[in-house]
1. If you check 127, 108, 99, 136, which single one turns out to be hydrophobic (A, V, I, L, M, F, W, C), at pLDDT 95 or above and either touching a Phe, Trp or Tyr at 6+ places or on another chain (Cβ under 7 Å) or on the phi > 0 side of the Ramachandran plot (or both)?
2. Which residues, counting only those in segment 96-136, are over 30 Å from residue 202 (Cβ atoms) and outside any loop (DSSP other than H, G, I, E, B)?
3. Quick check, is residue 284 under 20 Å from residue 135 (Cβ atoms), in contact with a strand residue (DSSP E or B) (Cβ under 9 Å, 6 or more places away or on another chain), charged (D, E, K, R) and open to solvent by 40 Å² or more (accessible area, probe 1.4 Å)?
4. When you check residue 13 against the structure, is it open to solvent by 60 Å² or more (accessible area, probe 1.4 Å) and part of a loop (DSSP other than H, G, I, E, B), yes or no?
5. For segment 180-203, check the following and say yes or no: at least one residue is in a strand (DSSP E or B), modelled with pLDDT of 95 or more, crowded, with 17+ Cβ neighbours inside 10 Å and small (Gly, Ala, Ser).
6. Given (1) more than 14 Å from the chain's Cα centre (by Cα); (2) over 26 Å from residue 271 (Cα atoms); (3) modelled with pLDDT of 95 or more; (4) part of a loop (DSSP other than H, G, I, E, B), identify the lone condition not met by residue 151.
7. Only one residue in 123, 147, 134 is among the polar types (S, T, N, Q) and open to solvent by 80 Å² or more (accessible area, probe 1.4 Å). Which one?
8. For residues that are of a type outside the set (Gly, Ala, Ser) and under 15 Å from residue 170 (Cβ atoms), scanning just segment 207-226, find the one that is surrounded by the fewest Cβ atoms within 10 Å (Cβ to Cβ).
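The values are calculated or read from the model by the stated rules, or taken from the named source; none is laboratory data. Note that the structure is a prediction, hence the values are computed from the model and not measured. Neighbour counts are summed over all protein chains in view; Cβ atoms, including those assigned to glycine, are modelled from backbone coordinates with ideal geometry. Only protein heavy atoms, including side chains, enter the accessible area calculation; ligands, DNA and RNA are left aside. Shrake-Rupley method; radii C 1.70, N 1.55, O 1.52, S 1.80 Å.
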Amino acid sequence: MPLKDIALTFVPQLGTRGAAYLINYFGSAEAVYAASKDELTQGAMLRDDAVRNILNGCGMREAERELAYCRKNGVVPIASTSPLYPRLLRETDDFPAVLYACGNVEVLNTRMVSFVGTRKMSSYGQLMCERLVSELKEAVPDVTIVSGLAFGVDGACHRAAIACGATTVAVLANPLPTILPSAHERMAAEFISRGGAIVSELSSQTKQNGRYFIPRNRLIAGMSAGTVVVESPESGGSLSTAAFADGYGRTVMAVPGRVTDSNSRGCNLLIRNRKAQIVLSGRDIANELMWDLELEAVEEPTREPLPLTDDESRLLALFD
């Protein structure tokens, strides 16, 4: 169990980026706690208070408590150095030292596309969620749909994944195994039973104050090869997810809408400002991620060579 990885998340003033920096610098949380004062100060360039905390084993007691909580509640802690940790998320510069998961943790390293959008979804948004997810599943059978389990577009995409048999993962802004919003508990249980998962970076000792939604959005973007904004007004959380995806060098896509519809203004602006590629179908998403080319290469049948004619056989015999 990743005791020291969890402990690192409890070191005061270190923060997510600080923990990520130290793990990258030393190679593991174990190496961080085994480092000398000189290695921490002169090598890693840490402040004195952070060095003192690490040398004193700060966070270990909290980590032991967290591991006990995880065992009791069926939560799997995944260290960033574990092969189960999402590879794409590990490539970002602000990855969490630990992810907490429930369900099938192996799904976290499959082909992932995130779908995000407004909570105040229109009938058009509902239609496009269903169409895009089902068409993408048809084009890329092993795709995993990632979203945030919120009302509106998030929930519609999770439901669409269940309906077409796609695996889906929800990234939450609260400690597990609690499902928020509670109205989506049954849906989450269903897609977990079908091989999906729920994940969070928040420990059980996190104080809920409503400020974890934007940080959660970076995980949605970071885990995915691309992010699709289905429907969004000019401002909103889904645009922050698109911005994170763009910052990570991932493909950002958006569904266009009527210029008079406020729910489509955010998507239209992303497309107009060349911050997102326009997508009209699930096949478009596969094309943008170049997954269609990979699948065609895998599915290309082996062709048997045509038999030689008599003249070709006699000519070939001259070279023997």
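1. Testing whether each residue is hydrophobic (A, V, I, L, M, F, W, C), at pLDDT 95 or above and either touching a Phe, Trp or Tyr at 6+ places or on another chain (Cβ under 7 Å) or on the phi > 0 side of the Ramachandran plot (or both) leaves just 99.
2. Answer for segment 96-136, where residues must be over 30 Å from residue 202 (Cβ atoms) and outside any loop (DSSP other than H, G, I, E, B): 123, 124, 127, 128, 130, 131, 134, 135.
3. Considered against the rule, which asks whether it is under 20 Å from residue 135 (Cβ atoms), in contact with a strand residue (DSSP E or B) (Cβ under 9 Å, 6 or more places away or on another chain), charged (D, E, K, R) and open to solvent by 40 Å² or more (accessible area, probe 1.4 Å), residue 284 comes out as yes.
4. In short, yes.
5. Within segment 180-203 (the criterion being in a strand (DSSP E or B), modelled with pLDDT of 95 or more, crowded, with 17+ Cβ neighbours inside 10 Å and small (Gly, Ala, Ser)), the answer is yes, since at least one residue qualifies.
6. Exception for residue 151: condition (2).
7. 123
8. Looking at the filtered set, the residue picked out is 213.
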